[in-house]
Amino acid sequence: MRPPEPPGRLVRFTRAERSIHHATALLMLVCLLTAALLYLPPLSALVGRREMVKTVHVWCGFALPVPIVLGLLSRAFRADLRRLNRFVPADWQWLRRGDRRAVRDGRGILPVGKFNAGQKLNAAFMAGAILVMLGTGEIMTFPGPWGDRWRTGSTFVHDWLFLAVLAVTAGHLWEALRDREALTGMLTGRVDSGWAARHHASWADAARGSANAGGRPAVREANAQLDEAGAGAGEAAAGPPGTPGERGPEFAKRPPGTS
Amino acid sequence: MSEDERPEGSPVGRRVVLGMLGLGVAGVAVGASVQDRVSRTLAPVGPIGDVLPAAGGFRYYSVTSGVKRHSPATHRVTVSGLVDKPQSFGMADLAHFPQTVLDRDFQCVTGWRVPDVRWVGVALPDLLDAVGVSARARAVRFTSFDGLYTESLTLEQARRRDVLVATQMDGKPVTHDHGGPTRLYVAPMYGYKSLKWLGGIELTDRVRPGYWEGLGYDVDAWVGRSNGRGDAPT
């Protein structure tokens, strides 16, 4: 059993999840760096050693899916993959609304789950990009059986997707680096519960609820109790404007825009 | 950790992944012609080729970490081996030879192609005639002053009029990054045969495969007929 959490901190990522993230991130950064060295003429001219850089790039590229595949052994990681896959109505609202990050009474106004829609899209894009890069990279590395149109087509896709991956990775790092608590969450696995309520209201409620159910002294806020009552009512009503499976106070269950 | 989100909602993540896979396959299928169009469209934009994929430009390849610059004033190309009189040629000496002009593509074996590059230089057979090739010579070995890169041609290939010791590219002296002051340009073969930073030409009794051939590329690298490619010859 894990030692009890200090009050006010919630478990966000297990050790396995963090290892998968860090290994994938490291391999991805090496791939991007070596790609830049192979691809951008000013950098190539600076560093040269094409064969060595290419070898590093190819090995890291083929290793890139390995941590993710091994990670499927982790129950927590599989649960997070399910969360990342599914879009609930709150996610569409999150994408549409300008005030998606607004906070009221210490709580995000949208009942965002463990991952917001941006994080879900980032994860899906990266998964797709890794697969497409793997396929086209295979054709480029072992061109033997492929005709030259396939090889040129693979180079085309690999080149342009590189620019997209570069942009999305930069965006991901930008979002992470300007939120210290998000970084802490990925570094230590734990986050401040206030931060969780502001950014991932629905998840914060559930995580707090499960911590209390675990028999630890209940430091339950009035808010949290309200949430549980609200969740029951929401499920019973099962109205379309709700967010299935997301617990939240009443205002968060109203159709967004009316709150 | 409890389930804070039931697996409800639509599987958008999966759709994104599948959509990208579909786009990827479509891109591979049509990429060759799209890339061609992109290259031609972006070619006039100039330095954008430094950051956008093959936007009409060359890609820089070097096999070593750095190459010492040779000044055109002191740079020399040495011709040695199985010849009657070994000799080294400065840029001024090369300029005294008849100059051959070729408007031809530069075609890389990985697929990119820079169309209609104007090359000016001394046709290799003219240089070979100047030093007198021995009857025992069968092949030519080229060495780069980067210290590592080598190439080879059979004597018959080396006597083609479209094999140049190039000193100019697109109306200007060949720049250092493009292999200057002197580089080889073997028009009918893939780019790796066109050795950069040419410093030495040695007549030998047999073909000694070069740097890239040691890494699995064909020794006879005719465009359209080697390394499993079928490109239209330049």
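Taken together, the values in this text are just the output of simple stated rules run on the coordinates, not laboratory data. No experiment lies behind these values; they were computed from the predicted model shown. Every residue, glycine among them, receives a Cβ derived from its backbone with ideal geometry; neighbour counts consider all protein chains shown.
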- line: Taking 0.36 nm per residue of separation between A:Ala25 and A:Leu72 and subtracting their Cα-Cα distance, the length gained on full extension comes to 15.2 nm
- line: Quick calc, A:Trp92 & A:Asp179: beta-carbon distance into FRET formula, R0 25 Å, rounding 0.05, result 0.65
query: Three principal axis extents, largest first, for the C-alpha atoms of the stretch A:10-213, in Å?
result: 59, 36, 32
- prompt: Which of B:Asp93, A:Asp159 comes first, and how do the rest follow, when ranked by fewest Cβ neighbours within 10 Å?
  reply: B:Asp93, A:Asp159
- prompt: Looking only at other chains, what is the average number of their beta-carbon atoms within 10 angstrom of each beta-carbon in A:142-152?
  reply: 6
statement: With label points set 7 Å from each Cα along the Cα-to-Cβ direction at B:Leu215 and B:Arg69, the distance between them in nm comes to 2.6
query: Hey, what angle do you get for helix B:12-42 against the long axis of chain B, alpha-carbon based, 0 to 90 degrees rounded to 10?
result: 30
Shielding of A:40-53 by partner chains, average beta-carbon count, 10 Å: 5
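Equivalent ellipsoid semi-axes for chain B, as square roots of 5 times the alpha carbon gyration tensor eigenvalues: give them largest first, rounded to whole Å.
On the way: eigenvalues 380, 73, 59 Å².
Computed over chain B, the values are 44, 19, 17 Å.
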message: If I model the stretch B:54-98 as equal point scatterers sitting on the Cα atoms and use the Debye formula, what is log10 I(q)/I(0) at q = 0.25 Å⁻¹?
response: -0.94
query: Taking the Cα atoms of the stretch A:41-152 alone, what are Rg (to one decimal) and Dmax (as a whole number) in Å?
result: 20.2, 62
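First select every other residue whose beta carbon is under 13 angstrom from the beta carbon of A:Gly147; then total the charges, Lys and Arg +1, Asp and Glu -1. If you can, show how the numbers build up before the last one.
On the way: positive: A:Arg149, A:Arg151, B:Arg229; negative: A:Asp148, B:Asp231.
After counting each charged neighbour, the total is +1.
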message: Rounded to two decimal places and with Rh computed the Kirkwood way over Cα pairs, what is Rg over Rh for the stretch B:76-215?
response: 0.93
Net charge, A:Phe13 excluded, C-beta distance under 11 Å - Lys, Arg +1, Asp, Glu -1: +3
- request: Work out the FRET efficiency for B:Arg206 and A:Arg15 from their Cβ-Cβ distance, taking R0 = 45 Å, and round it to the nearest 0.05.
  value: 0.15
- request: May I ask for log10 I(q)/I(0) of the stretch B:91-142 at q = 0.14, 0.16, 0.23, 0.25 Å⁻¹, from a Debye sum over the Cα atoms as equal point scatterers with solvent left out?
  value: -0.56, -0.69, -0.94, -0.98
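By counting other Cβ atoms within 10 Å of each Cβ, how are B:Cys108, A:Cys31 ranked from fewest to most? Please report the intermediate quantities before stating the final value.
Values: B:Cys108 17, A:Cys31 24.
By the 10 Å Cβ count, ascending, the order reads B:Cys108, A:Cys31.
Going by C-beta contacts inside 10 Å, put A:Asp91, B:Asp162, B:Asp231, B:Asp116 in order with the fewest on the left. Don't skip to the end; give the middle numbers.
Details: A:Asp91 25, B:Asp162 16, B:Asp231 21, B:Asp116 11.
The fewest-first ordering by Cβ neighbours comes to B:Asp116, B:Asp162, B:Asp231, A:Asp91.
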query: What net charge is computed for the residues neighbouring A:Ser74, neighbours being all others with C-beta under 11 Å from the C-beta of A:Ser74, Lys and Arg scored +1, Asp and Glu -1?
result: +2
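Shielding by partners for B:97-110, please: the mean number of other protein chain Cβ atoms within 10 Å of each residue's Cβ. Write out the running numbers ahead of the final one.
Details: counts 0, 0, 0, 0, 0, 0, 0, 0, 0, 0, 0, 1, 3, 7.
Other-chain Cβ atoms within 10 Å of each residue's Cβ, averaged: 1.
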task: Find how much the distance from A:Arg82 to A:Glu138 grows on full extension, using 0.36 nm per residue of separation minus their present alpha carbon separation; answer in nm with one decimal.
output: 17.3 nm
